[in-house]
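What follows is one structure encoded as structure tokens, with my remarks underneath.
The values are calculated or read from the model by the stated rules, or taken from the named source; none is laboratory data. This structure is a prediction, so every number in the text was calculated from the model and none was measured. Note that we place each Cβ from the backbone using ideal geometry, even for glycine, and neighbour counts take in every protein chain shown. Heavy atoms of the whole protein, side chains included, go into the accessibility calculation; ligands, DNA and RNA do not. Shrake-Rupley method; radii C 1.70, N 1.55, O 1.52, S 1.80 Å.
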Amino acid sequence: MQDENIVALYWERNEAAIEETKNKYEPYLFKIAHNILADFEDSQESVNDTYLAAWNSMPPHKPSILTTYLGKLSRRISIDIFRRKNRSKRKGSEYALSLTELEECLTTGNNTEESIEVKLLADAINDFLRNLPKDARNLFVGRYYFLDSLHDAAEYCGMSESRAKSLLFRTRCNLKAYLQKEGFEV
Amino acid sequence: MNIENIHDALNLLDDEMIETVDKLRNEKTQIIKMRMKKNWMRWGIIAACLCLVVSVYAINRLGLLQNKEAGSDSSVNIISDGTHDGEESKKFAEKGENMADDSSLNKEEADDTSFVECGNGKASISLSIPEEWEYEMIEPVKEGADEFGICFWPKGEKEGKIKLMHYEAWGVCGTGLEEIKIQLGEYRVYQGTYYNKEVWDFISFIDTQGHFVVLNEGANVWWNVYGEEAMSILATVRITEK
């Protein structure tokens, strides 16, 4: 089924939308989730949460590229699951627990400020990436957005692993310099 | 700003950039799938060939067993045809069938055959030679000498012999030679023919330690009449090695 039709099903509040999404995008979403979580059950949970998030967000959203939209949802949800799991792992240590509690104190009430900061950071990264050569940009996105392994990213970008490694290193250094220049504390 | 903020920010990347990379990833996945498919096909073909080879081998073995059960020491069956003489192999395939049938004839005529044995103490060869055939023993020149054998020909024929020999060493020239692998009695042998002649020139035994060989010494002159019988005599060969 075409993406527009799937989106239309979401807008009609037709539950077949989830079934169609599952049929078409489950492996894709699972790969994104698994790259982050490296666990079958957690990845499955993330994919299911992605369907729910898609159901809850359409409408009002009407994505023009459904793949990317669902991928972003899956990535965000997987990162959230990863953070939650890591937090629960740290519970054993009192030191780690106090850090978590203090972290909560620091972030409380600053959500808006933080999301603005993230938005500004995202704009800066977008600008930086737009000005990169195509190879370096694709490799950066593959490695840090899709979180593919260096081997895989180098392969689909058509370069050797060692070249990819050095290219990523240079890109990270340039990004750091760029963000500092833009006034971010790095 | 911490590392988590960067990952959150990356979630807001331009869709266009993400889509470009996504296409690259899909292409790669498709290539991998195609490779896997090719690999499966390759392994499938290898497995099929293996099955075929095993089946052919099993059928051949079964055929041999049946021939043996029919009491045939004189069976001659083609194991495999090399790249050489197709007609020759057909002939022997036919002979193999005929000789399996003729095995009863050997039993009936057992009284009219001579059991001939020749050896040097370390190895020996024997043949069952019918009354209508003449033979000659080629004894070792001294005890323990490697060259010995049995020579036989149809009674009344003044020219042409078949020699079953043991030599210290045996080698052939490859020029113009065509070899096919056949079964001679209970032995696997190579039958060699030079320059597409109608009748073979030598038969060498594959699985024996020593160099046992059958030579065609001008037997072409009577082969059309006595060839089949000569092959059934050769199929009675017994080789003993210590």
Projected convex hull area of the range A:1-78, Cα atoms, direction-averaged, in nm², equals 4.3
State, in square angstrom and to the nearest 100, the accessible area buried between chains A and B, both chains counted, probe radius 1.4 Å.
-> 3000
Just counting partner chain Cβ atoms within 10 Å, what average do the residues of peptide B:22-29 show around their Cβ?
-> 6
Chain A, Gaussian network, Cα under 10 Å: of A:Phe40, A:Phe82, A:Phe146, the residue fluctuating most is A:Phe40
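For the pairs A:Lys165/B:Lys23; A:Lys134/A:Lys181; A:Lys31/A:Lys134; B:Lys37/B:Lys181; A:Lys85/B:Lys28; A:Lys62/A:Lys181, flag any whose C-alpha to C-alpha distance is greater than 29 Å. Working shown, then result.
On the way: A:Lys165/B:Lys23 22 Å; A:Lys134/A:Lys181 23 Å; A:Lys31/A:Lys134 24 Å; B:Lys37/B:Lys181 38 Å; A:Lys85/B:Lys28 32 Å; A:Lys62/A:Lys181 36 Å.
Pairs exceeding 29 Å: B:Lys37/B:Lys181; A:Lys85/B:Lys28; A:Lys62/A:Lys181.
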Using only protein heavy atoms and a 1.4 Å probe, report how much of B:His7 is accessible, in Å² to the nearest 10.
-> 50
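When a/c is below 1.5 the answer is rounded, else prolate if a/b is larger than b/c, else oblate, so apply that to the range B:1-70 with a ≥ b ≥ c taken from the square roots of the Cα gyration tensor eigenvalues.
On the way: a/c = 13.61, a/b = 4.82, b/c = 2.83.
Prolate, because a/c is 1.5 or more and a/b exceeds b/c.
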Answer rounded, prolate or oblate for the range B:101-242, using the Cα gyration tensor with square roots of eigenvalues a ≥ b ≥ c: rounded when a/c is under 1.5, else prolate when a/b is larger than b/c, else oblate.
-> rounded
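So what is the relative contact order for chain A, in percent, with contacts set as C-alpha pairs under 8 Å and at least six apart?
Taking the mean separation of contacting Cα pairs over the length of chain A, I get 17 percent.
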Report, in deg cm²/dmol and to the nearest 500, the calculated mean residue ellipticity at 222 nm for chain A, where each DSSP H run with n ≥ 4 adds -39500 (n - 2.57) and the sum is divided by the residue count.
-> -26000 deg cm²/dmol
For chain A, modelled as a Gaussian network with Cα springs under 10 Å, which listed residue fluctuates most, A:Ile116, A:Ile18, A:Ile79?
-> A:Ile116
Residues of the range A:1-43 with amide nitrogen under 14 Å from the 7 Å Cα-to-Cβ point of A:Lys62?
-> A:4-13
In short, the range A:57-84 residues buried by 10 Å² or more of accessible area relative to the isolated chain (1.4 Å probe) are A:Ile65, A:Thr67, A:Thr68, A:Lys72, A:Arg75, A:Arg76, A:Ile79, A:Arg83
